[in-house]
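Notes follow once the structure below has been shown.
The values are calculated or read from the model by the stated rules, or taken from the named source; none is laboratory data. Computed from a prediction, not measured in an experiment: that's the story for all the values here. Note: areas computed on protein heavy atoms with side chains; ligands, DNA, RNA excluded. Shrake-Rupley method; radii C 1.70, N 1.55, O 1.52, S 1.80 Å.
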Amino acid sequence: MDVWQYEKEALAEGYTTICGCDEAGAGPLAGPVYAAAVILPLGVDIPGLDDSKKLTEKKREALFPVIQEKALAWSVTCVEAAEIDRTDILSARMKAMQLAIDALPQEPDFALIDGNRDHGRSAAITAPHRCVVKGDSLSASIAAASILAKVSRDRFMVEMAEKYPEYRFERHKGYGTKLHRELLAQYGPCPIHRRTFMKKR
């Protein structure tokens, strides 16, 4: 499949500046949800570009500066755990992605959004957009955004591991692994834990 198909379709509809947008960290028990937006030159070659979940951490880290260098514009934003608790994770994801679109130094006139949702109870994607299911595998722009969001969030969680070493965030990045749950049971939550996620699970 042509990974530029969705970008080309938007161009054919008359849009001129198209960004891909994705988020990372919807599922963890700790930390913010991150989002990124990327405007790529149509057809730019970035070897190895793919859905961040299909890449190793080393490969994602290697692609991160390449995407930043080759993009016409990019941005990374986040919504903190406390706000996720105050609202809900779907709303937080939508807010983070719209914030990323708004933060682009070059304003897009159309956004390709990963997934099948464009609004939550308290936030929505307000930019002209199209939702693309499995977009991080199907669109080069969304794949690039998925990598920037994932790497940025992982780096933040490694920083938090220094601040809260007892939780070993560098190992699990806040996801609900066996180790993380054992450490939570031992130490209780810290300020970056999502309290509402603990009630559910």
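Descriptive notes on the structure:
- Residue-normalised accessible area of region 1-140, expressed per residue, 1.4 Å probe, Å²: 45
- For the chain, the share of DSSP beta bridges that are antiparallel, to the nearest 5, is 65%.
- Tilt relative to the chain, helix 89-103 - C-alpha long axis, 0 to 90 degrees, to 10: 50
- Applying D = kT/(6 pi eta Rh) to region 57-201, where Rh is the Kirkwood radius over alpha-carbon pairs, T corresponds to 37 °C and eta to 0.692 mPa s, the Stokes-Einstein value obtained is 197 µm²/s.
- Stokes-Einstein D (µm²/s) once Rh is taken as the Kirkwood radius of region 32-117 over alpha-carbon pairs, at 37 °C in 0.692 mPa s: 232
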